[in-house]
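The structure appears below as structure tokens.
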Amino acid sequence: ALALKAIAGRCGARCYCRQRLRPQAPIAPQPRPSTLAGTSPTTSATATHLSPTPAVTDAGMHYYLKLPVPGRVQLMELLAPNPPAALHACVSSLAGLREDMRLRLKDFDYDSASGIGAVIQAVEAYLYKLNGLIEHHRSGGHEAEFAAIPEFSWRSALGQSSGARRLGEMARRGIPGLKAGPAQAGSDLCGGRSLYLEQGFVLLALGVAKSISAYARVRPLDGELEASMGSVLGGAAPGREGEDADRSRRASLSSKEFAAAAGVFEHIRTCVLPLVAEDLGRAGMAAATAVDLTSDAQLMLESLALADATWLSVSMGVRSGGFKRMVLARLLLHASEQYGRALSTLAALPRGESRQVADGVRRYIKDGRQVVYAQALVQLAMAYHEERRYGLAVGFGREAQRLLEETVNKDRSVHQQTAKSLLANIVRELVASYTQSNDLIGLEPVPDRAELQALVPAGRALIAPTPYKPAVHHLAL
């Protein structure tokens, strides 16, 4: 019941930061089987964007992902000479939709994010007809209508310039089926002759766009939990009911979009990537593409979307005051576990693929895990203080303070200001108060880190991916 209540009204996300020094590993809960139960997507209904354009009020967009951008392609090369008029009209329309999508992805303004609704609509419009063309192409009996599959190319959402150089080296070594374009700052270019590869990248664009939309709707998300925790400690500010209601409404929409994005990434991993490998293999091409279209990368993106959703969901739960401290702590710990899952998936990538992942994505995962874990420890400290177990309250509070101070000391950290606010307005005062209570009343020993670690509970799942249901334009030829 608590989970359903939280899902109905709240959600979460943050931004990445730069790590100068390797931080001391935070206290971690004991390993446990993942509670994330992905549901296989089904086909039928049309996926629609939740609202036109998210309200954006803050200057500067600092999201950890960028939209993948397609290169130009001559889709009419698909058709054999003298194709049916209806098929010619369909592919011609598809080419126009692809170019509109390409320009919107290429020219997207990350500083304002005001056009993200139009981006999602353009991607879905192209995907709708692309799905129909793929269905017609693979249905059999239409071989005479088609010629060669053109070369599709995309700029990576996860990659960086070093990855582009890596792909260039692979292409120069003559790996079949893999074509790398010239290195560009902060990107890598890759593609192949496969309609399923094109479909996979378009779906990736949809998932990333939904994540950006969710992020932009309630940003700065970093400050959301800090503000909500402050309202709990200091009491609700008078006259803020309307503002809080608006926050909850936008957070609810963001929660749905993050879950929808996770469902898209899950669909790519379970349904599309096997078809890409089969398609390229049947044509005698290597199944390797940019790191974006690997199972591990999609699992990483799915985990991050769910972790982002959980983080802000908990922040809204803190603001509402309708949850026990221990429940809040376990929800935050699950978000931390999702970041850990993404980090483990990234570490498991082959060395060449791992190097393709941009440093910003790596920092986002590492620092997100640390900050959300620190916030879980704050909730544990509060829970034990309410139970008058003052030694444990001091121990967990001090550990949270240490982790947040590490974040403050990291260079170019988007989390830095949030960590400063949490320390200055909440955590340092909380630790001082709990220490005083223990010195005057509790007189309990403060456990060391090993003892605290044994008491950290397992996380509790809150949000699962929303199954993606691809819409298909059935061609009537």
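A short reminder: the numbers here are calculations on the coordinates, not readings from a lab. Keep in mind it's a predicted model, so treat the numbers as computed, not measured. For neighbour counting, all protein chains shown are included, and Cβ atoms are generated from backbone atoms with ideal geometry for every residue, glycine included.
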Along its three principal axes, how long is the range 347-477 when you only count alpha carbons? Whole Å, largest extent first please. 83, 32, 29
Can you work out ³J(HN,Hα) from phi for every residue in the range 78-86, in order, using Karplus 6.51 cos²θ - 1.76 cosθ + 1.60 and θ = phi - 60°, giving whole Hz and x for Gly and Pro? 4, 8, 6, x, 6, x, x, 4, 5
Can you tell me the length gained on complete extension of the stretch Glu77 to Asp246, counting 0.36 nm per residue apart and subtracting the Cα distance? 55.9 nm
At a Förster radius of 56 Å, what calculated FRET efficiency corresponds to the Cβ-Cβ distance of Ala424 and Ala147, to the nearest 0.05? 0.30
Compute the signed sum of charges (Lys and Arg +1, Asp and Glu -1) over the other residues within less than 14 Å, Cβ to Cβ, of Lys129. -4
Filter Lys106/Lys256; Lys66/Lys420; Lys129/Lys366; Lys129/Lys210; Lys210/Lys324 down to the pairs with a C-alpha to C-alpha distance above 29 Å, please. Lys129/Lys366; Lys210/Lys324
In nm, spacing of pseudo-spin labels at Asp439 and Asp100 (7 Å Cα→C-beta vector): 6.8 nm
Net charge (Lys, Arg +1; Asp, Glu -1) of residues whose beta-carbon lies under 15 Å from that of Arg398, Arg398 excluded, is -4
If I model a spin label as a point 7 Å beyond the Cα along the Cα-Cβ vector, how far apart are those points for Ala118 and Ala471 in nm? 1.9 nm
When only alpha-carbon atoms are used, what values of Rg and Dmax, in angstrom, describe the range 258-410? 19.2, 68
Can you compute log10 of I(q)/I(0) for the range 396-435 with the Debye formula, treating each Cα as one identical point scatterer, at q = 0.15, 0.20, 0.31, 0.32 Å⁻¹? -0.31, -0.52, -1.00, -1.04
